[in-house]
Every structure is written in C-alpha cells, then in structure tokens.
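Here is the structure we will look at.
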Amino acid sequence: MSQQFLNRLKLIGVFCHVVDSGSMREAAAQLGISPAAVSQQMNQLEKELQTTLLYRSTRRINLSEAGEQYYAWGKKMLIAAEQAEEVILQSKSEISGEIKIGVPVGLAARPLAQALKHEFDQHPDLKLSIIAKDHDIDFIQERIDILIDCGKAPDSNFIYHALGKNTTVLCASPNYLKRIGCPLSPQELQSYVWLGMNLPQAKGVLSTVNLTHSNGESFCFAPKLHYSFNDLNSLISHVQAGYGLALLPWLEVEELIFRSELVALLPDWKTSEYEIYALTADKQYSTKVELVLAALKQFFDGNA
C-alpha cells in the first residue's frame, strides 16, 4: 500500500461527502472547509485516477458511470471504517472483557480481593487476570492494563496514579514471643532474630525499621537478616511459624493480627508509611480500567 494511496483515502472521503450532500458548497460547509478546497481536492482525485467522476454545473453535480462505481465502493470503505471506530468506542465504554493487573504478591492476595469484590459483583461480564510477582513485571510484554506497586515510582513514560498509603508493622508469632519474650523498647529489637525481603525494591520499605514515639523520640536501624525471602507470602508464613521478627505491610497482615496469629509489637511507636500507586500505559484507558482504578483508590485511601 503506497503513501499516495493512503493520501487518496482522504480524497475518497471528501468525494463521497460531495455525492451525499449533493453539492460541493454544501459538502464544504459540512466539512468546515472552503468550496474552493473541495473543488481542488476533487480535481486532484480525478487527476490521480485519470478519469472523470463528476459532471459539474452551477446548480448540481452528476456522477459519471465511473463515478457511480467509485462512489459505491468508496462508501462501503467509509462505512467499514466507521464500524471499526464504533467497535473501539464500544469496547472502551463497555464494562466487560478481561482486565489484567500486575501487582506485588502480598497485595495480590487479600487486599486486592477486597478492593475489587464489589465491582466484579456488579459487572459479571468483567474478567480478571492477575500477574503477581515480587520483582519487576514487564508492563508491555505481559500486556498489563494496570500495574500496582509500592514505594517510589521509577522514572518512566507510564501514567502515574496515586492510590493511597500502606503502613508497616513489626510482627512476630505468639509462640515465638512466648519462647523468647516480647521487646519492650526499640533498642531491644536488635537482639532478636530477623526475617526480611531480599529484593532491591524492598530496601527502605520493609528492610529499614523507622520508629517514632508520640513524645518525638525516634529510632532507626537496618536489622541483619537471619532469613531472607524474595516472596512476601513466604516471609509472612515463616514469621507465623515462629522463626523471628519482621517488618511487614499492614494491609497484608491485618487479618492475621486480628485473628491473633501474629502480634503487632511496640504499639506506642509509629512505624513508617509508603505510597501505593498504579501505572497505566497512557491516559486514554477504557471505562473498565477507569472503574477499577477508582475502586483501588477508594480501598487504599480508606485503609491506610
């Protein structure tokens, strides 16, 4: 398909508009261009095709035999193009089909399930595909609609959406604390066995303990890990099993704390918060993506 042919597609559209409107002046008014421009484009089209399509008079236009055939096929082409655009517009507005979300393993479990439950109940034709990894997800290769992550967003051309915050919490199992004893001050934490994440993006989020007391006192240290993991669920399970202490994200462990399967330590000390955000490939996303982004923001904003 040559560039000249692609350029001629616009001329075909103007030609069909002239025929439909019945005059070049009326077609020009509808297209928002001058009658002279319409006439010039019709002359160009006939010159490129080396045939007469229109017989012009001061009051009306008539199609030649070649013009009638050309109009019939050109009109089919325009209708097909309009139908193609209609399919795109419909797919953007429909709340159906698959939406693919990339998300860290911890958030992919209970938090994400809670965040989206209402929307998927309301839209049964909407399907969900989750790519859960605690390391980098290839946005383009995985064909992700929404990528959720935590901490500081990397520099990229993707569109950033702030969703809310998560808080960290110092945790251990009841059995471990019964055996070893419960820390009463931040300084005692350094003598305990520590578990943590060994992924680069976890540095500063789950690998550094930052504590602040209401009286203004603060305490910060990076524990030496006796056990390290590249998967948050594995880390949480080993803390539950009594291996030691860990700094864990609140949203991922709140249910375990409520069920007394984990104990939150040093309740008088405030731990650090970090951002939860989403990325989309561009600003022109579908209605279903907009719906899911709104549900995520509502959930994470209200559960920090």
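Within the group 80, 108, 36, 66, which residue is outside the structural domain of residue 251 (by TED's automatic domain parsing) and surrounded by 13 or more Cβ atoms within 10 Å (Cβ to Cβ)? Talk me through it step by step, then tell me what you get.
Working: 80 fails: surrounded by 13 or more Cβ atoms within 10 Å (Cβ to Cβ); 108 fails: outside the structural domain of residue 251 (by TED's automatic domain parsing); 36 fails: surrounded by 13 or more Cβ atoms within 10 Å (Cβ to Cβ).
66 is the lone residue from the list that is outside the structural domain of residue 251 (by TED's automatic domain parsing) and surrounded by 13 or more Cβ atoms within 10 Å (Cβ to Cβ).
Got a sec? Which strands (runs of 3 or more DSSP E) wholly within the range 37-154 have at least 2 residues that are in contact with a strand residue (DSSP E or B) (Cβ under 6 Å, 6 or more places away or on another chain) and not polar (S, T, N, Q)?
So the answer is 54-56, 97-103, 126-132, 146-150.
I'm checking my understanding of the structure. Among residues of the range 260-270 that are surrounded by fewer than 19 Cβ atoms within 10 Å (Cβ to Cβ) and under 33 Å from the mean Cα position of the chain (by Cα), which one is nearest to residue 186 (Cα to Cα)?
By that ranking, first place goes to 270.
Please go through the range 162-203 and give me each residue that is among the hydrophobic types (A, V, I, L, M, F, W, C) and exposed (fewer than 13 other Cβ atoms within 10 Å of the Cβ), ordered by number.
Scanning the range 162-203 gives a single hit, 184.
Go through the range 141-195 and give me each residue that's under 24 Å from residue 128 (Cα atoms) and among the acidic types (Asp, Glu).
Passing the criteria: 142, 145, 149.
Can you tell me how many residues in the range 23-62 are charged (D, E, K, R) and under 20 Å from residue 5 (Cβ atoms)? Walk me through it before giving the result.
Here is the first cut: in the range 23-62, the residues charged (D, E, K, R) are 25-26, 46-48, 56, 59-60.
Okay, now just the ones that are also under 20 Å from residue 5 (Cβ atoms), so 46-48.
Of the residues in that region, 3 qualify.
The values are calculated or read from the model by the stated rules, or taken from the named source; none is laboratory data. Quick caveat, the model's predicted, so the values are computed rather than measured. Cβ coordinates were reconstructed from backbone atoms using ideal geometry, including for glycine residues, and neighbour counts include every protein chain displayed.
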